[in-house]
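Right, one structure below, let's go through it.
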Amino acid sequence: MSCSIKLYISFPFEAPLYAEVGMPALSPTMTHGNIAKWIKKEGEKIQAGDVLCLIETDKATLEFETLEEGFLAKILVPEGTKDVPVGQTIAITVEEADDIQKVPATVGGASEVKNQASSQTDAARGDGAPEASPANISSSELPPHMILDMPALSPTMNQGNIFKWRKKEGDKIEVGDVLCEIETDKATLEHESLEEGFLAKILAPEGSKDVAVGQPIAITVEDENDIEAVRTSISGNNVVKEEKPVRHDVTAEVRTQTTAFNRISPAAKVLITEHGLDASSIPASGPRGTLLKGDVLAALKSGKGSSNNSSVGKATPSPPQVNQQATLTKSLGLKSDGQQNDAYEDLPNSQIRKVIAARLLESKQSTPHLYLSTDVILDSLLSFRKELKEKYDVKVSVNDIVIKVVAATLRNVPEANAYWDDGKGEVVLCDSVDISVAVATEKGLMTPIIRNADQKSISSISAEIKELAGKARAGKLKPNEFQGGTFSISNLGMFPVDRFCAIINPPQAGIIAVGRGNQVVEPVVDADGIEKPAVVNKMSLTLSADHRVFDGKVGGAFVSALSSNFSDIKKLLL
């Protein structure tokens, strides 16, 4: 694959004609790239079609070919550089070999890369927050090496947890070897090596939490003899600290921390508002200068959290100090002598649950939810399920049949199998019916996908959902097994829940909430045309839909078709 962005600039006097080679976009979704290896060296002649370097994109490691001939005068972005924006100058070429020494020293000065400027940025920030980049690592002091970053293993992933290292420091690694298991916002996935060599240093140990995408997690070398040199050259052992449950004690000493913060957690914000504190006076201990709930609690206990009203110029009468202290003591669960009644423990949340929380909040805030409910009679479904078991020895669950019914309904009403495109401001119809099924796991809610569910038999849907649910609970789902989907189903029928409203999973436009089945007495017309009371099984279904996609007509047509399909299950086999 070849691509080149060149800008020719002519300088006065003896400055030669040269070209700036920019970081190419080697895939449609690529915005940044990593320089894995330079194939050409400074001063070498290059021909059209020659491979200049290997670039690690968001998809794979690809060869970057030149479209021009000349000489590689200067490499501005060295091997191992991470997250180089598309379009940033990575090298300078000239037409004649004699022009190499004439390239101005200032060329490419604005193209400083992250590896070279990270320590200066950290010093300038002055917030004392722990950073991902090992600022104490000098590339010039290390032997030939490569810094491995936290990869983006799903489209929505911006940070991950190191669940387990499969390779140990000093181990030999081959292309395709699994280096570690990473807990993403969707599942626990394997991170494979794209290069061969030796694992010289692990920067993010097992159990490390909230490691940002692009943050260094390990260093590899090509020569086994260079392992010890890398270890001794790095002054700090682990860049990322392992997060463990922390037991809090009111007698513990508060660490010396910086008072500047860049972000504030929601829990900390609630406490600050509730107690009227001045956030700028509270030390922040979270990653990248994040003010955490524990910081606010520590400030409250120590009395260091000053009130927002303290900055007002003129003095104002305040309530008696005794009353303020009593209120604070009561709110924190402390005895009057400052001792805590009950110790508490902060349990770190899984990455999956954090992302679920953020996406649910985003959905409710940005998607106009429309709710439509109906009750369907289950007798046809239950008799059909019994017939499959007795006549054909095929065992399927009620949920398996619900998946098939919903998929068939989306095929009947294609306007419901769509999503809202924010960029275009219009509805986009989906070509396939891919059903996301909510599965509860210890780490959070997962939504494995039954693709082309409208075209599959109920027995094949049953077998597939059992396999996917097992993978979801084991954290072994592959990205293609949970990414995408055009519609969702959430079933709480196994619990004493009659009906509920589910939250839409963006960018999808609809989700069906399935309640439990109940026996009710209803008037039923018998074969003689006489209306008589009878016991029937009914189940409540609630559609949560994006009102931008589902207007009243589409929503009504979908619910009507859904009820019709439930009333005659056998027609789904046609």
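The values are calculated or read from the model by the stated rules, or taken from the named source; none is laboratory data. Being a predicted model, the structure only gives us computed values, none of them experimental. Note that we place each Cβ from the backbone using ideal geometry, even for glycine, and neighbour counts take in every protein chain shown. Surface accessibility is based on the protein's heavy atoms, side chains included, excluding ligands, DNA and RNA. Shrake-Rupley method; radii C 1.70, N 1.55, O 1.52, S 1.80 Å.
Table: residues versus (1) closer than 23 Å to Ala267 by Cβ; (2) of a type in the set (D, E, K, R).
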{"position": "Glu345", "(1), (2)": "yes, yes"}
{"position": "Arg353", "(1), (2)": "yes, yes"}
{"position": "Thr374", "(1), (2)": "no, no"}
{"position": "Ser380", "(1), (2)": "no, no"}
{"position": "Asp393", "(1), (2)": "no, yes"}
{"position": "Ile401", "(1), (2)": "no, no"}
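Scan the stretch 54-76 for residues that are under 34 Å from the mean Cα position of the chain (by Cα), assigned to a loop (DSSP other than H, G, I, E, B) and more than 15 Å from Gly22 (Cα to Cα) and the total you get is 3. If the condition is being open to solvent by 40 Å² or more (accessible area, probe 1.4 Å) and either hydrophobic (A, V, I, L, M, F, W, C) or outside any loop (DSSP other than H, G, I, E, B) (or both), then the stretch 503-528 contributes Ile503, Arg516, Gly517, Asn518, Gln519, Val520, Val521, Glu522, Pro523, Val524, Val525, Ala527.
Of the residues making up the stretch 33-53, those that are over 13 Å from Glu63 (Cβ atoms) and not in a strand (DSSP E or B) are Lys41, Glu42, Gly43, Glu44, Gln47, Ala48. Looking at the stretch 508-534, which of its residues are without any contact (Cβ under 8 Å) to a residue 24 or more places away in the chain and within 30 Å of Thr486 (Cα to Cα)? Result: Asn518, single match. Quick check: anything in the stretch 153-169 open to solvent by less than 20 Å² (accessible area, probe 1.4 Å) and modelled with pLDDT under 80? Checked the stretch 153-169: at least one residue is open to solvent by less than 20 Å² (accessible area, probe 1.4 Å) and modelled with pLDDT under 80. Filter the stretch 552-564 down to residues that are open to solvent by 10 Å² or more (accessible area, probe 1.4 Å) and of a type outside the set (A, V, I, L, M) and give me whichever is farthest from Leu370 (Cα to Cα). Going through the qualifying residues, I end up with Ser564. Here Gly80 fulfils each of the conditions (1) open to solvent by less than 40 Å² (accessible area, probe 1.4 Å); (2) at negative phi; (3) at pLDDT 80 or above; (4) not hydroxyl-bearing (Ser, Thr, Tyr) apart from (2). Residues that are open to solvent by 40 Å² or more (accessible area, probe 1.4 Å), at pLDDT 60 or above and among the charged types (D, E, K, R) are absent from the stretch 118-125. In the set (1) modelled with pLDDT of 60 or more; (2) farther than 30 Å from Ala438 by Cβ; (3) not small (Gly, Ala, Ser), Asp337 fails one condition alone, (1).
When Leu388, Leu410, Leu372, Leu382 are checked against the criterion of being under 15 Å from Ala545 (Cα atoms), of a type in the set (A, V, I, L, M, F, W, C) and open to solvent by 10 Å² or more (accessible area, probe 1.4 Å), a single residue qualifies: Leu372.
Could you check, for the stretch 190-212, whether at least one of its residues is touching a Leu at 6+ places or on another chain (Cβ under 6 Å), surrounded by 23 or more Cβ atoms within 10 Å (Cβ to Cβ) and assigned to a loop (DSSP other than H, G, I, E, B)? So far as the stretch 190-212 goes, no, none of its residues is touching a Leu at 6+ places or on another chain (Cβ under 6 Å), surrounded by 23 or more Cβ atoms within 10 Å (Cβ to Cβ) and assigned to a loop (DSSP other than H, G, I, E, B).
Only one entry of Asp498, Asp528 meets the criterion of being among the acidic types (Asp, Glu) and more than 35 Å from the chain's Cα centre (by Cα), and that entry is Asp528. Can you tell me which residue in the stretch 464-502 is nearest to Ile401 (Cα to Cα), limited to those that are open to solvent by 50 Å² or more (accessible area, probe 1.4 Å) and in contact with a Phe, Trp or Tyr (Cβ under 8 Å, 6 or more places away or on another chain)? Among them, the one singled out is Leu492.
I'd like the full set of residues that are loosely packed, with under 14 Cβ neighbours inside 10 Å, over 24 Å from Leu153 (Cβ atoms) and not aliphatic (A, V, I, L, M), limited to the stretch 45-77.
Let us first name the residues in the stretch 45-77 that are loosely packed, with under 14 Cβ neighbours inside 10 Å, namely 45, 47-49, 59-60, 67, 69.
So of that shortlist, the ones also over 24 Å from Leu153 (Cβ atoms) come out as 45, 47-49, 67, 69.
Scanning the stretch 45-77 gives Lys45, Gln47, Gly49, Glu69.
Hey, does the stretch 341-348 have a residue that's at pLDDT 80 or above, aromatic (Phe, Trp, Tyr) and open to solvent by 30 Å² or more (accessible area, probe 1.4 Å)? Within the stretch 341-348 (the criterion being at pLDDT 80 or above, aromatic (Phe, Trp, Tyr) and open to solvent by 30 Å² or more (accessible area, probe 1.4 Å)), the answer is no, since none of the residues qualifies.
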